[in-house]
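So the structure is just underneath, and the comments pick up after that.
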Amino acid sequence: MKAIRTALVLATLPAFRAFLVPPPPFLPAAALWSDFGSFADIDDLDYEDTSPLAQGDYALEGDDPFDKAAVGATIPGPTILGGDAEPIFTGLGETLEYSQENVLGVLSACRTAIPTLFGYTPENRGVGITGGVDFVELDGATVVLALKGRFWHQRTTVLARIGSYLRERIPEIVDVVVEDESSLSDEANNDGGVL
């Protein structure tokens, strides 16, 4: 019924009516339409993407937070690799010394303080935000991180927000970078961080 209603609405549009006229006599109808039969032997046409995003199993942004959390509870959250530490929250203007222990603690606090960036909460996973951040190493005064999963924002924005959070609390940090520059691409985000 919905398809018939859609066809009737489209038929009333002038731009669509142009497609309803028969083809000119000098062009065979086969030249205008294809049954895509030549693609029948391609193996990956049988591929079925079973990810929640492909299946439409995510909640919508405007849905009730409890519904988002219920959907997100069925999706595994990002694991924390490279060392998880007790969160270190600092007061306004309070700074910490540059050490791996402090970087891990502040990074852990960042996951909690800016929760809308990451997929650590069921509500965020419920709308398709499955992204996470992992500590890789300290390279001099540079903190090296790894981003994984799918983010709502561009990955460069996520990295900038994390970097700002870390530098505000540990001013000796000169830069915050990712281990693999290709992980900042749109393709990495669209693939859920898997390249």
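The values are calculated or read from the model by the stated rules, or taken from the named source; none is laboratory data. Treat the numbers as computed from the prediction; the structure is a model and nothing was measured. In this analysis, Cβ positions are derived from the backbone assuming ideal geometry, glycine residues included, and neighbour counts consider all displayed protein chains.
When the range 60-82 is filtered for residues that are among the hydrophobic types (A, V, I, L, M, F, W, C) and either at pLDDT 80 or above or touching a Leu at 6+ places or on another chain (Cβ under 7 Å) (or both), the ones remaining, listed by number, are F66, A69, A70, V71, A73, I75, I80, L81. Taking the range 70-100 as the range and being within 24 Å of A141 (Cβ to Cβ) and among the polar types (S, T, N, Q) as the test, the residues that pass are T90, T95, S99, Q100. Scanning the range 170-195 for residues that are touching a Phe, Trp or Tyr at 6+ places or on another chain (Cβ under 9 Å) and part of a helix (DSSP H, G or I) gives a single hit, N189.
Taking (1) part of a helix (DSSP H, G or I); (2) surrounded by fewer than 17 Cβ atoms within 10 Å (Cβ to Cβ); (3) in contact with an Asp or Glu (Cβ under 8 Å, 6 or more places away or on another chain) in turn, G163 satisfies each apart from (2). Is one or more of the residues making up the range 185-192 in contact (Cβ under 8 Å) with a residue 60 or more places away in the chain and at positive phi? Scanning the range 185-192 turns up at least one residue that is in contact (Cβ under 8 Å) with a residue 60 or more places away in the chain and at positive phi. Scanning the range 83-105 for residues that are over 25 Å from the mean Cα position of the chain (by Cα) and at pLDDT below 85 yields nothing.
Checked against (1) at pLDDT below 95; (2) out of contact with any Pro (no Cβ under 9 Å at 6 or more places or on another chain), T142 passes all but a single condition, namely (1).
Identification of helices (runs of 4 or more DSSP H) wholly contained in the range 65-141 with 1 or more residues that are in the same structural domain as V176 (by TED's automatic domain parsing), aliphatic (A, V, I, L, M) and buried (at least 19 other Cβ atoms within 10 Å of the Cβ) yields 65-72, 100-113.
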